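Heads up: the structure comes next, in C-alpha cells.
The values are calculated or read from the model by the stated rules, or taken from the named source; none is laboratory data. Please read these numbers as outputs of a predicted model, since none were measured by experiment. So basically every Cβ, Gly included, is an ideal-geometry build from the backbone, and we count neighbours across all protein chains shown.
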C-alpha cells in the first residue's frame, strides 16, 4: 500500500474516531431525555459499538444465539447506527406488517448503493431504493405486468420449460444442479426480456448469473468495510483500495445488464420479432417514454431477473436435497401424484388443488431450507422513533428479520418449535390443507402469526410488509411446477457425496455442492418426456 493511500485511510479513520463518539453521545442523551430504553442486546464497545460482534458470513447464526440470550428483539449498534434484529414471527409481523407504513424504508448499503460517489448503483433499484415516488412507480409497474391474470398466462411456458429440464436431467443426471440453474435462468429471461437461451454458454444468461452473484455478495450486512465506515466511500478510485476495484467491476456488470438485454428487446420490437415479455409489454404500452420512465422500465425488468433466477434455483436444489434425505416423504408424494395424475400424462397446474401432500411438500421446502435466511434489511423512518413493548426503537434503525437458521441447536422463525412443532423434521403433513365446496383451496391460517401453528411459510419466505416480493406468485408457480414434475418422473437419492452440505453464506442461500442419484421412475416416464421433447 502506497504512502498516499495510507494517509487517506489514516485521515478517514481520524475523522470517524472524532465524529462518531459525538453522534453516539447525542443519541444516548436524547434517548435518556425521552425516558425510554432500547431492547436488550450484547454490550457495545466504546465508539464502535457491536461492530466486531457482527459476522460477515452467515450472520443469522449469531443473531439467533443472541436471541436465545436476549429475547426475540435484539438491539445492536455499529458506529452509532442502531440495528434491531427480530427473531420471532410475532415481532416480525407486529413491526414489518402491522406498522409497515413506517418500517418500509431500506437500509443504506453503501457498497451496493451509492452511485453518486461511483460505487455500484443499486440505490435506484426496486430492492434497495428508498421509499418515495420512484419506489411507488416500481410497485405500480410490477402490479400492471404480473397481476394474477398475467401470471396465469405464463403457465404454459413454465410447463414447456420444465419438460425440457426433465429431458436434460435424463440425459446427464449427474449435472442436475447445472440443469436446474439453466432452467430457472432460461425461464426468467424469456419472461423478462423474451430471450431464448440456446445453450449453457449463452452470454445473457452468464451476465444475469454474474450480476445476481455480485448483488448477493454485496448485501450481506458488514461484508464490506465501507458499509460500516461510509466515509471511506470518498477514498478515490486511483488509490486502488480493494472495495473500489470491486465496485468498478460490479458497476460495469450492472450497467451492461441494464442496457444490453433492454436494447435487444427494443431492437426486436422494431424488427417485429419480439416475443411476449415483461419488457416488451412496458415498451409497447408507452411508445415514447421519457428518459425517467425508460430508466424505471429497465430497472423493473432487470429486477424481475435478479429476484427470480437464483431464488428459484435455490428452492429447487433444496427440494432435490430434501428428497435425497427423506425418501419416505418422496414416496408419499409420488403415490399422491400417481393416484391423481396417473402415468399417461404429466402434472399440470390444474392438478395442484388436488395434490395437498405435494402442496405441503412445497411449503416445507420454503420453510426447512429457505432461500432467504434473513430478509433484506428494512429501516424505520427517520422522521420519528417508535415504541414497541415499552422499548424505544430509535428513528432510522436498521431492522433485520431473521427468518431461518441451519442448526438444530439454534432457533429462528422457520425453526421455532412454538410456531412449527418438530421443526427439524421435514413434514409436509404439518400443514392443514382443506378444500371448499366450490373447489378453491383454503389455507387454514388464522389472521396473525401469534395465533398460528404451522402457518404458511410463504408469509416469511418472500419478504415482509410493503417490501414483499411483487413476483411471489410467479416464483411459487415456477417452484411448484419444477417440484411436481421431478416427483412424477424421477426417483431422487440417495446422496452420493457424503454428509449433507452446508448452505452458501449469502443473502440468497442455497446448498453448496452435493451429488445424488436421479433416476427415471420407469420407461413410461422416459417416454412421456420423449413424446414432448422429441429427444432425450
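Criterion applied to 340, 374 was being modelled with pLDDT of 95 or more and touching a helix residue (DSSP H, G or I) at 6+ places or on another chain (Cβ under 8 Å), and the one residue passing it is 340. Filtering 361, 355 for residues that are in contact with a helix residue (DSSP H, G or I) (Cβ under 9 Å, 6 or more places away or on another chain) and surrounded by fewer than 23 Cβ atoms within 10 Å (Cβ to Cβ) leaves a single hit, 355. Residues in the range 467-523 that are part of a helix (DSSP H, G or I) and within 28 Å of residue 140 (Cα to Cα): 467, 472, 473, 474, 475, 476, 477, 478, 479, 480, 481. Going by the conditions given, is residue 396 within 24 Å of the chain's Cα centre (by Cα), on the phi > 0 side of the Ramachandran plot and not in a strand (DSSP E or B)? When the stated conditions are applied, residue 396 passes them.
Among helices (runs of 4 or more DSSP H) entirely within the range 75-189, having at least 2 residues that are within 21 Å of the chain's Cα centre (by Cα) and on the phi > 0 side of the Ramachandran plot singles out no element at all.
Being assigned to a helix (DSSP H, G or I), under 22 Å from the mean Cα position of the chain (by Cα) and surrounded by fewer than 17 Cβ atoms within 10 Å (Cβ to Cβ), is that true of even one residue in the range 192-205? Checked against the condition, which is being assigned to a helix (DSSP H, G or I), under 22 Å from the mean Cα position of the chain (by Cα) and surrounded by fewer than 17 Cβ atoms within 10 Å (Cβ to Cβ), the range 192-205 yields no hits at all. Confirm whether residue 35 is modelled with pLDDT under 75 and not in a helix (DSSP H, G or I). So residue 35 passes the test. Comparison of 58, 62 shows that the only residue that is within 23 Å of the chain's Cα centre (by Cα), within 16 Å of residue 374 (Cβ to Cβ) and touching a residue at least 60 places away in the same chain (Cβ under 8 Å) is 58.
Residue-by-condition table, conditions (1) touching a residue at least 60 places away in the same chain (Cβ under 8 Å); (2) surrounded by fewer than 21 Cβ atoms within 10 Å (Cβ to Cβ); (3) over 30 Å from residue 300 (Cβ atoms):
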site: 473; (1), (2), (3): yes, yes, no
site: 484; (1), (2), (3): yes, no, no
site: 502; (1), (2), (3): yes, yes, yes
site: 510; (1), (2), (3): yes, no, no
site: 515; (1), (2), (3): yes, yes, yes
site: 518; (1), (2), (3): yes, no, yes
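The set of residues from the range 420-454 being part of a loop (DSSP other than H, G, I, E, B), modelled with pLDDT of 80 or more and buried (at least 16 other Cβ atoms within 10 Å of the Cβ) comprises 420, 423, 426, 427, 431, 454. Here is the figure for the range 161-193: residues that are without any contact (Cβ under 8 Å) to a residue 60 or more places away in the chain and more than 18 Å from residue 511 (Cβ to Cβ) total 4.
Find the residue count for the range 147-175, including only residues that are out of contact with any helix residue (DSSP H, G or I) (no Cβ under 7 Å at 6 or more places or on another chain) and closer than 17 Å to residue 477 by Cβ.
Count: 7.
Within the range 102-127, if we keep just the residues that are closer than 16 Å to residue 463 by Cβ and surrounded by fewer than 24 Cβ atoms within 10 Å (Cβ to Cβ), the residue that is modelled with the lowest pLDDT turns out to be 107. Scanning the range 244-261 for residues that are under 23 Å from the mean Cα position of the chain (by Cα) and surrounded by 17 or more Cβ atoms within 10 Å (Cβ to Cβ) returns 246, 247, 250, 251, 253, 254, 257, 258, 261.
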